[in-house]
């Protein structure tokens, strides 16, 4: 069976074939495929019930996916704590790329959360804050879809080394596609330079990994790129990818 066979077969049977069977087969056949081939398979298999998520750290994934599936839904979680540069990148993406950016918000504003749970929850209980402002809103937003595309890579953190190019997202009971899981930072840098990809300007100010402003600091030369996230809090993931 070739990549074309699995793409055509699964595309025709997606309404009846168990999603976990799709994952098991695709993870094997697509392991050595290019990022574009993986995205092409996902678009053919899931159609309009496919979306991607973006933190607006850069538009690499948006650039890749929009070339294969113009008009794709891009879910952006507006936590209420983002840097102005991140919001600016989101707005620029809407103008530059052929995508449909969907702004997702928590059921409570930051002010309502402060009122109900006390101020600076991100410092006292960062796991709960991330759940309320990121994980739960994304879970709700993903409900209409069968599959979602993420930009996580195996080399980003030890918690991501086992990432497959196609996975079963058991928590959300849907398919998760990671087309650049095998990419290195060099691959990322080369693609962005070659294709003029939009990038969050904070990257030029020593913010290699960008999250919410209260929980993200600049990274010194030689430090791990993700060491600026939740520094001193013993936390390495927001919970979306766990």
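The values are calculated or read from the model by the stated rules, or taken from the named source; none is laboratory data. Since this is a predicted model, take the numbers as computed values, not measurements. Please note: Cβ atoms are built from the backbone with ideal geometry, for glycine as well, and neighbour counts cover all protein chains shown.
Things to note:
- Whether a residue is modelled with pLDDT of 95 or more, buried (at least 18 other Cβ atoms within 10 Å of the Cβ) and in contact with a strand residue (DSSP E or B) (Cβ under 6 Å, 6 or more places away or on another chain) was assessed, and residue 35 does not pass this test.
- Sub-6 Å Cβ pairs linking a first residue in segment 143-163 that is closer than 22 Å to residue 208 by Cα to a second residue that is assigned to a strand (DSSP E or B), at least 6 apart or interchain, are 149/52; 149/177; 150/53, ordered by first then second residue.
- Residues located in segment 214-223, provided they are in contact with a helix residue (DSSP H, G or I) (Cβ under 9 Å, 6 or more places away or on another chain) and surrounded by fewer than 18 Cβ atoms within 10 Å (Cβ to Cβ): 214, 218
- Output for segment 72-87, where each listed residue is touching a residue at least 24 places away in the same chain (Cβ under 8 Å) and over 17 Å from the mean Cα position of the chain (by Cα): 80, 81, 83, 85
- Segment 169-182, residues that are surrounded by 18 or more Cβ atoms within 10 Å (Cβ to Cβ) and touching a helix residue (DSSP H, G or I) at 6+ places or on another chain (Cβ under 7 Å): 174, 175, 177, 179, 180
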